[in-house]
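Asker: Before we start, here is the structure in question, set down as structure tokens.
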Amino acid sequence: MKRLNWPIWTGFLLSLVAGFSYPFVFVRWAITREFPWANLVLFAIAFVLLAFGLRRAFKPDKEIVSKIFSSLAAVVGLLLLGGLPFVIYVAGSWLPASSEAPRVGQKAPAFTLTDSNNKPVTLAQLLIEPINNTPPKGVLLIFYRGYW
Amino acid sequence: MCHSELRSFEKNMNKFNEAGIRIVGISVDTPEKTREYMLQKAGYTFTFLSDPELETIRRYDLVHAREIASGKDIARPAEFLLDSSGTIRWRTITENFFRTARPEQVLEAAKALP
């Protein structure tokens, strides 16, 4: 009877989680965002499991297929480990310089844009309209990439 | 992932309301997309404005032309804190889109507003 090589499978799945969770999960907290140590911890556990799985797959009684599959799983794990710093530090900085963006001390350029109810809204309105019945002390404009 | 930074602001909405700071999100998304994804699915409660033609985004020099993941012209992440006269008192133009402004930083900067 064939026994499932569970260390390979769990190690492989965990390396996927370690590789892809940063932009979706760990960017949310300052502590896991500034350095991806949470992802590195997940990778470390994943590689321990992969190592156990490989040892099991390379025992003499195992089939060649399981040797190939477990090796592939380990290679994918390594590629993900290498891809993570690339995504965070290289791809993450593919941004325009925005050297002409308005500076501290300048008036924010006026605008009229459409809100989510299709109504036009001006910056002047946003600066005046009360929050909890008191005039706002300030407005934070957050430019973001999009809903996707 | 592109709006995961907004979540931390949503979680601090009470603090921003207490500080008298109105949060406004601006992107190229249409009002329809914003309603569907940001309000209904993600449950944000602050104001969203649509700039599909990038008029305001261009005036603020924040156009990210032919962004690689979307293939479109979009806004690059940036945050501006204005006082009630509309003068910019604080801003962040991040060099890495995983490191946008955090609510703690903005709340700290808001203390200096008149």
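Rule-based calculations on the coordinates, nothing more; no lab input. As the structure is a prediction and not an experimental result, all values here were calculated from the model. Cβ placement follows ideal geometry from the backbone for every residue including glycine, while neighbour counts extend to all protein chains displayed.
Asker: Which ordering of A:Thr112, B:Thr56, A:Thr32, B:Thr45 is given by a fewest-first count of other beta-carbon atoms within 10 Å?
Answerer: B:Thr45, A:Thr112, A:Thr32, B:Thr56
Asker: Let me ask another. Of B:Ala42, B:Ala69, B:Ala101, which is the most mobile in a GNM of chain B whose springs link Cα atoms less than 10 angstrom apart?
Answerer: Result: B:Ala69 has the largest fluctuation of those listed.
Asker: Peptide A:116-123: average number of partner chain Cβ atoms within 10 Å per residue?
Answerer: 5
Asker: Let me ask something else about it. From the phi of every residue in the range A:100-108, what ³J(HN,Hα) in whole Hz does the Karplus formula 6.51 cos²θ - 1.76 cosθ + 1.60 yield, where θ is phi - 60° and glycine or proline is x?
Answerer: Per-residue couplings from phi come out as 9, 4, x, 9, 4, x, 8, 6, 5 Hz.
Asker: Using a 10 Å cut-off on Cβ to Cβ distances, tally the other chain neighbours for every residue of B:13-23 and report the average as a whole number.
Answerer: Going residue by residue through B:13-23 and averaging, the value is 4.
Asker: Can you pull the mean other chain C-beta count within 10 Å for peptide A:88-101?
Answerer: Across A:88-101, the average partner-chain Cβ count within 10 Å equals 6.
Asker: By count of other Cβ within 10 Å, fewest leading, how are A:Arg28, A:Arg145 ordered?
Answerer: In order of increasing Cβ crowding within 10 Å: A:Arg28, A:Arg145.
Asker: Taking the number of other C-beta atoms within 10 Å as the exposure measure, put A:Phe43, A:Phe26, A:Phe58, B:Phe48 in order starting with the fewest.
Answerer: Taking fewest neighbouring Cβ atoms as first place, the list is A:Phe58, A:Phe26, A:Phe43, B:Phe48.
Asker: Let me ask another. Just to confirm a number: summing +1 for Lys and Arg and -1 for Asp and Glu over residues other than B:Arg91 whose beta-carbon lies under 9 angstrom from that of B:Arg91, what do you get?
Answerer: Neighbour charge sum, excluding B:Arg91 itself: +1.
Asker: With each run of n ≥ 4 DSSP H residues scored as -39500 (n - 2.57), what mean residue ellipticity at 222 nm is computed for chain A after dividing by its residue count and rounding to the nearest 500 deg cm²/dmol?
Answerer: Result for chain A, helices only: -16000 deg cm²/dmol.
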